[in-house]
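Shown next, in structure tokens, is the structure this report addresses.
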């Protein structure tokens, strides 16, 4: 038996109270029917949880003349229910189209608004989920995309929930039928130029005439796809663990031993863990093709917006698009060896001092080739040291040389070494592992 709207809200409110009894619950309020219904039900349920603070948030996009009307309608609803309304004015960036840009702007507001322990409720329902499934199907999305909107997920420091996601539009209409509360229709809802409106009026409406339960069945399919995605992610986590559990570097032989679908899946999970952009399908297939046929000494490099993959010494490195080293080798900076200094290759926080004491004047420059470092009484070519320490080629032009009286006293960057007679001290890393002390 389907739960009533009141029962759904009560269940979600009780779960929220169990997690954080004194948190703030925000309701995303557009001023339209669905979000007004959600606010109404939330306001009634919140009275039974005195430790909970209920707030509403409205995002003013300024994209149409009626935008000010939405603010006024939302404010009247909040006044009727005794809920404080927070309004944010935004100007969406012109990037991905009107709908997507407005969505990006809204979620940026929501993410910035939530404090740790806070929850944001959104009023998406069954028909919204069905439209999302169709929209993503037209974009050729995979299992994760076709799983639609999740019932809940993290958002910034807080949590986003959709307590009405399994409810129907008819349920919401019935709830508001006898309520004297202010809400309004968005005039752009009839604009067929917007993709979702086209799906709603010209795809979902005919489907519902032929199959009245179409939206419910499509939402159910999205649930099945979400479960399938969770199983695939579990498989990918197992494969990543078998590859060494180092998402930024995957052993080629073990990766190629997996079937092509599992290769795609484990690279997808590794990139997500690293916070890197996923490659277009064509770029990913190019990478996997090159991995399959690359000889033992071949260096593969595939780049896409926001990321890149490089094969070196039989290891696939996953990197940000910008992690390709420096290109300017003409700079030179004076350094006292102790004060943090900003360079074109990043901030130097290490300290370098002679073992004999004192604070001689030092010079920092990028590596240009041919440098030699005296280690254990021998002058060693820096190129050879980089090879011995397995510094990948694309990182070698991020090496900085520390000079004293035209003689290298050490190197910094992907490889940190101090020459004979010098001490190189590094600050504690983000893992709190302590200081690094290298003497020669």
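For the range 353-429, list the strands (runs of 3 or more DSSP E) that sit wholly inside it and hold at least 2 residues that are outside the structural domain of residue 298 (by TED's automatic domain parsing) and within 19 Å of residue 333 (Cβ to Cβ); which are they?
Answer list for the range 353-429: 362-366, 400-404, 407-412, 422-426.
Please identify the pairs in which a residue from the range 273-293 that is not assigned by TED's automatic domain parsing to the domain that holds residue 304 has its Cβ atom under 8 Å from the Cβ atom of a residue that is surrounded by 15 or more Cβ atoms within 10 Å (Cβ to Cβ), counting only partners at least 6 apart or on another chain.
Sorted first by the residue in the range 273-293, then by its partner, the list stays empty.
Which condition from (1) touching a helix residue (DSSP H, G or I) at 6+ places or on another chain (Cβ under 9 Å); (2) over 16 Å from residue 423 (Cα atoms) is the one that residue 373 breaks?
Here residue 373 clears every test but (2).
Can you name the residue in the range 376-408 that is closer than 18 Å to residue 346 by Cα and touching a helix residue (DSSP H, G or I) at 6+ places or on another chain (Cβ under 8 Å) and, of all such residues, is modelled with the highest pLDDT?
Of everything passing the filter in the range 376-408, 401 is modelled with the highest pLDDT.
Of everything in the range 9-36, what is over 16 Å from residue 110 (Cβ atoms) and surrounded by fewer than 18 Cβ atoms within 10 Å (Cβ to Cβ)? Give them in sequence order.
Of everything in the range 9-36, those that are over 16 Å from residue 110 (Cβ atoms) and surrounded by fewer than 18 Cβ atoms within 10 Å (Cβ to Cβ) turn out to be 10, 11, 14, 15, 18, 19, 20, 21, 22, 32.
Please determine whether any residue of the range 90-97 is modelled with pLDDT under 95, surrounded by 16 or more Cβ atoms within 10 Å (Cβ to Cβ) and more than 23 Å from residue 207 (Cα to Cα).
Within the range 90-97, one or more residues are modelled with pLDDT under 95, surrounded by 16 or more Cβ atoms within 10 Å (Cβ to Cβ) and more than 23 Å from residue 207 (Cα to Cα).
Could we say that residue 341 is in contact (Cβ under 8 Å) with a residue 12 or more places away in the chain and in the same structural domain as residue 382 (by TED's automatic domain parsing) here?
Considered against the rule, which asks whether it is in contact (Cβ under 8 Å) with a residue 12 or more places away in the chain and in the same structural domain as residue 382 (by TED's automatic domain parsing), residue 341 comes out as yes.
Any chance you could count how many residues in the range 361-392 are loosely packed, with under 14 Cβ neighbours inside 10 Å and over 12 Å from residue 415 (Cβ atoms)?
9
Can you tell which of 264, 298, 281 is under 21 Å from residue 394 (Cβ atoms) and either surrounded by 14 or more Cβ atoms within 10 Å (Cβ to Cβ) or modelled with pLDDT under 95 (or both)?
Only one candidate qualifies: 298.
Does the range 173-187 contain at least one residue that is in contact (Cβ under 8 Å) with a residue 24 or more places away in the chain and within 19 Å of residue 107 (Cβ to Cβ)?
The answer is yes, given that some residue of the range 173-187 is in contact (Cβ under 8 Å) with a residue 24 or more places away in the chain and within 19 Å of residue 107 (Cβ to Cβ).
Quick one: in the range 133-149, of everything that is more than 17 Å from the chain's Cα centre (by Cα) and part of a helix (DSSP H, G or I), which residue is surrounded by the fewest Cβ atoms within 10 Å (Cβ to Cβ)?
138
Taking only the range 150-203 into account, find how many residues are part of a loop (DSSP other than H, G, I, E, B) and crowded, with 18+ Cβ neighbours inside 10 Å.
Summing the residues that are part of a loop (DSSP other than H, G, I, E, B) and crowded, with 18+ Cβ neighbours inside 10 Å in the range 150-203 gives 9.
List the number of the failed condition for residue 373; all other conditions in (1) closer than 30 Å to residue 318 by Cβ; (2) at pLDDT 90 or above hold.
(1)
Please verify whether residue 207 is free of Cβ contacts under 8 Å to residues at least 60 places away in the same chain, touching a helix residue (DSSP H, G or I) at 6+ places or on another chain (Cβ under 7 Å) and either part of a loop (DSSP other than H, G, I, E, B) or under 30 Å from residue 19 (Cα atoms) (or both), treating the condition exactly as stated.
No.
The values are calculated or read from the model by the stated rules, or taken from the named source; none is laboratory data. Here the structure is a predicted model, which means the values were calculated and not measured. Don't worry about glycine lacking a Cβ; one is built from the backbone with ideal geometry, like all the others, and counts go over all protein chains shown.
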